[in-house]
Each structure stands twice: as structure tokens, then as C-alpha cells.
Amino acid sequence: MHRIIFTLFIIVILYGVYNNYKKAKLHENISKKSCSICQKNTQKIYDLKKELSEIESTAYVKKYIINVINHGSHDLGFKGKIMEGGYASSDDAEKIACYVLTLSGKFCKNGYEKDAPMFFTSICGGCHGDDGKGLGGTYPDLTRKKLLGIEQKENFLRTKIKFLEHENLKHIKEKNGY
Ligand code: HEC
């Protein structure tokens, strides 16, 4: 009789130990998983902050303008008006971008080519105005200190960083059980 009780007792103990082991293993897996998410998020936050720190640089804005000339602009909300890409060839896009930069006080390393202002007035001036000011708000003002697309991108990056930081905080809190 004693032996049976003793054996049952041992079985209960072993079952308890096994269950605890299973729980610990599960917890370890969850922790590992959430940590790898945290690490990925941290890397993303680093990349986004780096992009944010470069957003007002001449190189970044130049790249943006070239991209608009080549591929157009659709998201700035100009009363149903969009800009198609390809008003200038991609070779001329770089040349024109160096001139457009000067309208907001930025300069390419070698300034701009002699014929760039003529390209701008003949291809872009019809909408943006020969002075680049956008014909009284009808089209984007290219003399703004910060172009609208750059402002939009800046807001997007800030929101994304905040979201990822919030996600990380949530994971850390969960991991620590509060
Ligand atoms: C037919 C009219 C038209 C022509 C021609 C045109 N654009 Fe535009 N452009 C627009 C409109 C409209 C937008 C805004 C579209 C939107 O809502 O995203 C725009 C947007 C832009 C932007 C973004 C402005 C910002 O604040 O972010 C740049 C830069 C730009 N254009 C440069 C040029 C250049 C350089 C040329 C000549 C190669 C050119 N555009 C030719 C109508 C034009």
C-alpha cells in the first residue's frame, strides 16, 4: 500500500517538474522571438534616423527633385493636378535640378550649367512660373526653404520612428511582465 502511494507521489512530482520545464521553454522561445523583433526595430530606427538627419542636405533634395522630374509627383494635393514624369530627359533632369536647388538657396558642387535656367523656363516655367514661385499657389512654390515633398517625407519618417519606438517599449514591458 505504502509503495503505491509512494509511486503515485513520485509520478505527481515528476509531472509537475515536466510541466514547469515546458512552461520555461515556452517563455524562453517567446523572449527570444520578441528580442529579435526588438533588434530588427532598433536597426530600422537607426536607418530612419540616419535618413532624417540627411533630409535637408543638398544631395538628398537634389535626388528628390531628379526623382520628381523623372517619375512625376502625385501626392501633394494640388487640387486634382498632378505632375507627370518625363518633361525632361533624365540627363537634363540632373542639370535642371542643380538650377532648381538655387531657388531655395542650395547649390550643387559645381553650381549649374549655363543653359539650365533656359531649360527650366521653357520646360517647367509654364506651371511653376519663370521665378519658380508656382503662379500664386496654383502649382508648388519651388523657392520654399523646404519643399513640400521633403516636409511630407520628414513627417512620415518621424511617425514611423515613433511607432517603432513604441513597439519596442511594448515588447520590453511584456518581456518584463508589466
Ligand atoms: C504641367 C505642369 C507642370 C510642369 C510642366 C512641371 N511641373 Fe512640377 N509640379 C506640378 C504639379 C501639379 C506638382 C504637384 C503635384 C502633386 O500634387 O504631387 C509639381 C511638383 C513638383 C515638385 C515637388 C514640389 C515640392 O514642393 O515637393 C518639383 C520639385 C517640381 N514639380 C519640379 C518641376 C520641374 C523641375 C519641372 C520641369 C522639368 C516641372 N516641375 C514641370 C506641375 C508641373
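The values are calculated or read from the model by the stated rules, or taken from the named source; none is laboratory data. In this text the structure is predicted, and so the values were computed from the model without any measurement. Virtual Cβ from ideal backbone geometry, glycine too; neighbours counted across all protein chains shown.
Data overview
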item: Single residue of the stretch 139-172 satisfying the filter (of a type in the set (D, E, K, R), touching a residue at least 40 places away in the same chain (Cβ under 8 Å) and more than 10 Å from the ligand (Cβ to nearest atom)) that is surrounded by the fewest Cβ atoms within 10 Å (Cβ to Cβ); result: 145
item: Any hit, the stretch 113-135, residues being more than 12 Å from the ligand (Cβ to nearest atom), in contact with a Lys or Arg (Cβ under 7 Å, 6 or more places away or on another chain), over 12 Å from residue 65 (Cα atoms) and assigned by TED's automatic domain parsing to the domain that holds residue 65; result: yes
item: Pair list, Cβ < 8 Å and 6+ apart or interchain, from the stretch 63-92 residues that are within 20 Å of residue 138 (Cβ to Cβ) to residues that are aromatic (Phe, Trp, Tyr) and near the ligand (Cβ under 7 Å from one of its atoms); result: 69/87; 78/139; 81/139
item: Whichever residue in the stretch 53-80 is in a loop (DSSP other than H, G, I, E, B) and within 22 Å of residue 154 (Cβ to Cβ) and, among such residues, is farthest from the ligand (Cβ to nearest atom); result: 57
item: Test: residue in the stretch 81-98 that is within 8 Å of the ligand (Cβ to nearest atom), at pLDDT below 95 and either within 16 Å of residue 145 (Cα to Cα) or not β-branched (Val, Ile, Thr) (or both); result: yes
item: The lone exception for residue 108 - which of (1) surrounded by 18 or more Cβ atoms within 10 Å (Cβ to Cβ); (2) within 11 Å of the ligand (Cβ to nearest atom) it fails; result: (2)
